[in-house]
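Worksheet: one structure, shown below.
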Ligand code: BG6
């Protein structure tokens with residue numbers, strides 16, 4: 001436990017009851033921002049309703065705007081009504097919950113603000129007669145993180161490595177170098193065990209379930225390797241456009257926004273070896289091994305393995321939508337990619353030669369995230385060829401959202417006098433199996449920070465390794481501007497080059513609608529491989 005990365009007690013039991021959680025002061029920098037309104041306050045409100053906040057708890061929402069406590073509460077009550085997974089807030093419960101919130105108008109670049117916080121902390125500690133845990137949530141634009149860290153350090157209010165934690169939102173850096181610098185700054189001030197780098201995908205129920213599914217079942221693990229799996233696909237698509245995030249997204253693009261973090265983490269969970277236990281570092285070490293083993297692109301092969309796209313105007317759910325370059329505050333000649341499709345390989349014993357295709361983008365046909373594991377064909381085909389034409393490969397489809405479940409797609413004999421094969425599904429749906437609503441990712445993550453459990457957070461070495469995987473793509477793309485942007489209509493599945501990328505290996509993208517439906521236009525795999 002003296003490892004510099006040691007980051008918390010044995011994970012479990014999670015969701016401790018009120019009495020077990022330490023008295024806690026949660027300070028949110030960016031307390032009046034979008035993330036706080038859409039995610040953090042609704043998540044905290046739901047934790048309150050479910051009884052998972054500490055008995056002694058305070059939220060200090062720090063922001064610059066001159067706003068009264070009443071107005072702040074009202075705005076965030078409306079935020080809960082709009083964004084909470086439970087729908088509209090219960091007025092009585094909200095009244096109780098809002099007692100926890102204090103709005104602190106302060107400029108985070110000014111020393112005085114930190115003195116102000118210091119005296120608030122000491123008042124609260126006096127009132128509670130205990131030295132409370134302090135969590136500093138940095139829900140601010142990335143260029144303020146260093147500033148905040150330095151101020152916290154100077155004010156001496158976050159230096160207790162047992163009791164003080166900081167939470168850093170993504171993006172963590174803009175490239176490998178800036179991520180390394182930021183790690184250096186933060187680790188110069190805090191110990192690694194105090195730093196909680198958020199990747200909210202890791203808090204999603206279905207993403208956490210990947211570990212349970214793989215390591216709590218004996219059935220699948222023997223098949224989980226290059227001997228049985230032919231290819232893996234990850235689709236994380238959204239039908240929304242850039243929304244009101246032009247300033248951030250223009251600098252980011254799809255690879256930085258979704259692949260460097262969320263999608264590489266999904267690959268880790270699919271590809272990792274079983275950890276010896278569920279301690280944060282046991283899990284994170286195994287994930288890091290996957291990142292180490294991911295084949296790095298060379299300058300020459302970026303174009304064989306990576307496709308970029310930008311959305312043009314088109315139709316989404318019957319509504320006409322603008323091209324990316326026509327959106328508010330977007331450069332009319334923007335070269336930012338809003339779509340990316342990549343092919344990865346994991347160079348290790350388990351995965352050698354198994355391609356992992358990922359695609360993600362804005363303004364695609366649907367908002368959906370799923371992982372498809374395609375198994376190899378049977379080694380010997382005994383069914384007559386007419387029947388075989390209908391054979392689809394065995395698939396396992398792990399739906400992350402909005403559907404939540406796992407489907408196994410396999411062949412069965414169709415009822416009747418003759419032997420006809422028909423693919424069928426075995427389906428596990430969360431909604432059929434569990435009656436309780438899954439918590440939002442931010443509920444899980446906030447609860448974990450309060451518990452001091454860093455398993456679902458990014459360690460510095462993971463962040464740096466993830467950046468180093470995608471840097472060659474970003475560099476090659478930056479020095480070779482795309483010639484044909486925009487190159488896919490809104491409402492499609494991306495540019496034709498993404499189809500070509502996967503077709504090059506003899507595959508096609510699995511696109512599912514509800515109920516799981518093999519794309520009828522896709523060429524039969526049996527045909528391709530015969
Ligand atoms: C964020 C990205 O990290 O994830 C957004 O910055 C994206 O661009 C979002 O829309 C998707 O998250 P979720 O939870 O809605 O799938």
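A short reminder: the numbers here are calculations on the coordinates, not readings from a lab. If you're wondering where the values come from, they're calculated on a predicted model, not measured in any experiment. A quick note on method: Cβ atoms are made from the backbone with ideal geometry, for glycine too, and the neighbour counts reach across all protein chains shown.
Just check the stretch 2-197 against the gyration tensor rule for me: Cα atoms, a ≥ b ≥ c as the square roots of the eigenvalues, rounded for a/c under 1.5, and otherwise prolate or oblate depending on whether a/b exceeds b/c.
rounded
Would you work out if the chain is rounded, prolate or oblate? Take a ≥ b ≥ c from the square roots of the eigenvalues of the alpha-carbon gyration tensor; rounded if a/c is under 1.5, else prolate when a/b is larger than b/c, oblate otherwise.
Judged from the Cα gyration tensor, the chain comes out prolate (a/c at least 1.5, a/b above b/c).
Sorted by average packing, counted as other Cβ atoms within 10 angstrom per residue and highest first, what order do 414-423, 253-262, 292-301, 135-144 take? Walk me through the intermediate numbers first.
Details: 414-423: 11.9, 253-262: 23.9, 292-301: 14.8, 135-144: 19.9.
Ranking the peptides 414-423, 253-262, 292-301, 135-144 by packing returns 253-262, 135-144, 292-301, 414-423.
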Exercise. Gap in Å between the Cα centre of the stretch 43-85 and the Cα centre of the stretch 130-185?
Worked result: 22
For this session: Give me the distance between the Cα centres of the stretch 488-506 and the stretch 369-388, rounded to whole Å.
Result: 23
Exercise. To the nearest 10 degrees, how steep is helix 176-189 against the longest Cα principal axis of the chain, on a 0 to 90 scale?
Worked result: 30
Problem set entry | C-alpha long axis of helix 111-128 to longest principal axis of the chain, angle in ° | 80
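Sort the following peptides by mean Cβ neighbour count (other Cβ atoms within 10 Å, averaged over residues), highest first: 263-270, 403-410. Walk me through the intermediate numbers first.
Numbers: 263-270: 23.5, 403-410: 19.2.
Packing proxy ranking, top to bottom: 263-270, 403-410.
Indicate the gyration tensor shape class of the stretch 219-340 (rounded, prolate or oblate), computed on the Cα atoms with a ≥ b ≥ c the square roots of the eigenvalues: a/c under 1.5 is rounded; otherwise a/b larger than b/c is prolate and the rest oblate. Present the calculation step by step, with values, prior to reporting the outcome.
Numbers: a/c = 2.18, a/b = 2.16, b/c = 1.01.
Cα axes put the stretch 219-340 in the prolate bin.
What order, most packed first, do the peptides 85-94, 45-54 have when packing is the mean number of other Cβ atoms within 10 Å of each residue?
Numbers: 85-94: 13.5, 45-54: 19.7.
Averaged packing, sorted descending, gives the order 45-54, 85-94.
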